[in-house]
Amino acid sequence: MHRLRRFWEHFEEAFIAFLLAAMTLVTFVYVVLNNLYPLFYAIGDAWEGGSALFLGIGDFLMELAQEMVWSVALTKVLFGWLIFFGIAYGVRTAGHLGVDALVKLASRPAQRLLAVIACLCCMVYAGLFMVASFKWLMALIQAGIEAEDLDQFGIHLSHIAMIVPFGFALVLIRYLEIMWRILMRGQINLGLADEAAEASKLASHHEDQH
């Protein structure tokens, strides 16, 4: 079980890195192509002896840029997948900010009780969206609607939308894990990021250096 958990955690990090890298690479190539072909056209117009060569390269690069109209749509899809996959990752790594200044003033038993209530609310929220998005996904599968600009690759809207119920299912699982740790007294809160504490640590570290 521990090995499976470690494998999944490494997969999460690798998949998020892949999405970021793919978004960057696709956008970079598209921008480079759109900025290169005008340059070759300008060189071809200015240098009469090599105009045919440079104009030909410009035509080739422009055709590649025009064929990459799908890049914007793909980048949006990758970003959407990054968001819904990253929500659960943020829960695991305390990436979501917590507003719990008043909660920390309460006693530890009261903090644990409030954490259970908050965890239940998060689980209900994730569960409702998981069920609703799954029904939406089933409707998209039945409709068989193709994705705009990505239909040439056989991609349907249902292929893109499947990340929504999957992402909320991951969030639900993460909060189930947090609930278990709270009930087993492994922690007393949701494990959210404390921006004020982080700022205080950075300020103390900066003062120590000087």
Members of region 154-185 that are small (Gly, Ala, Ser) and surrounded by fewer than 16 Cβ atoms within 10 Å (Cβ to Cβ): Gly154
Selected residue [buried (at least 17 other Cβ atoms within 10 Å of the Cβ), in a helix (DSSP H, G or I) and modelled with pLDDT of 80 or more] from Gly56, Gly86: Gly86
Qualifying residue in region 158-176 (condition: outside any helix (DSSP H, G or I) and farther than 17 Å from Ala73 by Cα): no
Meets criteria (assigned to a helix (DSSP H, G or I), at pLDDT 95 or above and either hydrophobic (A, V, I, L, M, F, W, C) or within 24 Å of Val72 (Cβ to Cβ) (or both)) for Ala197: no
Positions within region 20-53 being modelled with pLDDT under 85, of a type in the set (A, V, I, L, M, F, W, C) and loosely packed, with under 15 Cβ neighbours inside 10 Å, in sequence order: Leu39, Ala42, Ala46, Trp47, Ala52, Leu53
Any pair with Cβ under 6 angstrom, 6 or more apart, that starts in region 162-179 at a residue that is more than 15 Å from Thr93 (Cα to Cα) and ends at one that is among the β-branched types (Val, Ile, Thr): Gly167/Ile87
Test for Tyr30: is it in a helix (DSSP H, G or I) and within 30 Å of Asp151 (Cα to Cα): yes
Enumeration of residues in region 123-157 that are under 20 Å from the mean Cα position of the chain (by Cα), small (Gly, Ala, Ser) and in a helix (DSSP H, G or I): Ala126, Gly127, Ser133
Failed condition for Gly127, given (1) at pLDDT 85 or above; (2) small (Gly, Ala, Ser); (3) not assigned by TED's automatic domain parsing to the domain that holds Ile178: (3)
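The values are calculated or read from the model by the stated rules, or taken from the named source; none is laboratory data. Since this is a predicted model, take the numbers as computed values, not measurements. Here the Cβ is made from the backbone with ideal geometry for all residues, glycine too, and neighbour counts use every protein chain on show.
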